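> Structure in structure tokens, see below.
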Amino acid sequence: MPGFTYYGDLLGISSFYRLGPKVAHSKLDRFYAISLSTLVQFNVEMFSDSIFIVGDDAVAGLRELMNLYSCLLGENLLLRGAVVMGRLSFGPRFTRENFEKRLPDDDKLARATGLERSYKGARLLVENALVETLFSSCQEWMTHEGYLRTIASSPENEDVLKRICSTPNNSNYEMLYYWKENMSHEGYSRKTKELKHISMMYNDQLRLHYTETINLIHRSEERHRMTEEKRASLAGSTRLTRR
């Protein structure tokens with residue numbers, strides 16, 4: 001598996017600081033606690049509302065990130081970030097007592113931050129080049145149509161790959177991280193109703209992040225439902241054919 005670099009930030013923290021430092025600190029404290037308990041395999045750096053992760057296995061990284069995003073969203077904390085291919089490295093490290101220099105060797109961090117900022121809502125975006133590498137054994141799954149056509153296949157790391165989906169504008173890819181195998185329609189609906197209620201209390205700028213997160217949950221549920229229905233139908237057809 002290829003290495004990866006992830007950059008993300010917690011949305012809305014500056015507005016909570018306007019309400020008071022204790023409000024913002026409480027949000028950040030939960031962000032740090034959940035991240036600490038969830039991210040166990042990789043090198044993680046956190047500063048204020050930002051999180052930076054590097055590792056040598058992008059699939060394993062995406063698994064942990066999906067879990068992190070789901071846990072954070074469970075407490076209505078919106079994390080937006082992007083994963084790009086390749087592990088970030090730095091040039092020679094020169095320091096003195098009150099100065100430390102960490103200059104990236106290439107553009108991996110710039111690619112991650114640029115992709116992260118190009119979308120609204122609690123999104124886990126995946127760089128196109130990384131997706132192409134991950135789907136080397138099931139390239140049909142890189143499009144909605146191809147996924148539907150070959151949904152019966154079970155490639156290695158299917159649990160991650162089936163949750164990678166092109167964004168609505170068909171320009172990039174994102175993880176449908178809120179798709180949980182045991183999640184019912186009522187479970188999806190409860191979360192979207194909760195986020196919609198919160199969004200109605202905010203201005204248009206903040207509301208857009210919640211709206212886009214709700215849309216992401218809808219896409220997660222739709223692919224979940226469609227996958228189960230399609231595979232159940234195919235399994236039924238196979239049983240009838242064998243009789």
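The values are calculated or read from the model by the stated rules, or taken from the named source; none is laboratory data. Quantities reported herein were computed from a predicted structural model and do not represent experimental measurements. All Cβ positions, even for glycine, are placed from backbone atoms using ideal geometry, and neighbour counts span all protein chains on display.
> Do you know which of the residues in the stretch 148-172 that are in contact (Cβ under 8 Å) with a residue 24 or more places away in the chain and over 18 Å from the mean Cα position of the chain (by Cα) is surrounded by the fewest Cβ atoms within 10 Å (Cβ to Cβ)? Spell out how you get there, then give the answer.
Within the stretch 148-172, the first condition is being in contact (Cβ under 8 Å) with a residue 24 or more places away in the chain, and the residues that meet it are 148, 151-152, 157, 159-168, 172.
Remaining after also requiring over 18 Å from the mean Cα position of the chain (by Cα): 148, 151-152.
Values: Leu148: 13, Ile151: 18, Ala152: 11.
Here the answer is Ala152.
> Which ones in the stretch 45-63 are out of contact with any Gly (no Cβ under 6 Å at 6 or more places or on another chain) and under 11 Å from Leu10 (Cβ atoms)? Steps first, please.
Filtering the stretch 45-63 down to residues out of contact with any Gly (no Cβ under 6 Å at 6 or more places or on another chain) leaves 45-50, 52-54, 57-60, 62-63.
Scanning the stretch 45-63 gives Met46, Ser48, Asp49, Ser50.
> Can I ask one more? Quick one: which residue in Gly55, Gly3 is in contact with a helix residue (DSSP H, G or I) (Cβ under 6 Å, 6 or more places away or on another chain), touching a residue at least 12 places away in the same chain (Cβ under 8 Å) and small (Gly, Ala, Ser)? Outline the logic, then answer.
Numbers: Gly3 fails: in contact with a helix residue (DSSP H, G or I) (Cβ under 6 Å, 6 or more places away or on another chain).
From the options Gly55, Gly3, the qualifying one is Gly55.
> Ok, one more. Kindly check whether there is at least one residue in the stretch 7-18 that is on the phi < 0 side of the Ramachandran plot, in contact (Cβ under 8 Å) with a residue 60 or more places away in the chain and acidic (Asp, Glu). Lay out the reasoning, then the answer.
Initially, the stretch 7-18 is screened for residues on the phi < 0 side of the Ramachandran plot, giving 7-11, 13-18.
The next check asks that each one be in contact (Cβ under 8 Å) with a residue 60 or more places away in the chain; those that pass are 7-11, 15.
Remaining after also requiring acidic (Asp, Glu): 9.
The answer is yes; a qualifying residue exists.
> May I pose another question? Criterion first (aliphatic (A, V, I, L, M), assigned to a helix (DSSP H, G or I) and surrounded by fewer than 16 Cβ atoms within 10 Å (Cβ to Cβ)) does Leu130 satisfy it?
Numbers: aliphatic (A, V, I, L, M): yes; assigned to a helix (DSSP H, G or I): yes; surrounded by fewer than 16 Cβ atoms within 10 Å (Cβ to Cβ): no.
No: the conditions fail for Leu130.
> Kindly evaluate Glu194 against the criterion of being surrounded by 11 or more Cβ atoms within 10 Å (Cβ to Cβ) and under 17 Å from Cys71 (Cα atoms).
Details: surrounded by 11 or more Cβ atoms within 10 Å (Cβ to Cβ): yes; under 17 Å from Cys71 (Cα atoms): yes.
Criteria met by Glu194.
> Run Leu88 past the list (1) surrounded by fewer than 20 Cβ atoms within 10 Å (Cβ to Cβ); (2) at pLDDT below 95 and report the number of the one that doesn't hold.
(1)
> Looking at the stretch 142-221, what helices (runs of 4 or more DSSP H) fall wholly within it and have at least 2 residues that are closer than 17 Å to Arg80 by Cβ and hydrophobic (A, V, I, L, M, F, W, C)?
185-199
> Please give the number of the condition Glu181 fails out of (1) of a type in the set (Asp, Glu); (2) at pLDDT 95 or above; (3) within 26 Å of Tyr210 (Cβ to Cβ).
All conditions pass for Glu181, except number (2).
> With the requirement that a residue be of a type outside the set (A, V, I, L, M) and surrounded by fewer than 17 Cβ atoms within 10 Å (Cβ to Cβ), what does the stretch 200-218 give you? Spell out how you get there, then give the answer.
Restricting attention to the stretch 200-218, the residues satisfying the condition of being of a type outside the set (A, V, I, L, M) are 202-205, 207, 209-213, 215, 218.
Passing the criteria: Tyr202, Asn203, Asp204, Gln205, Arg207, Thr211, Asn215, His218.
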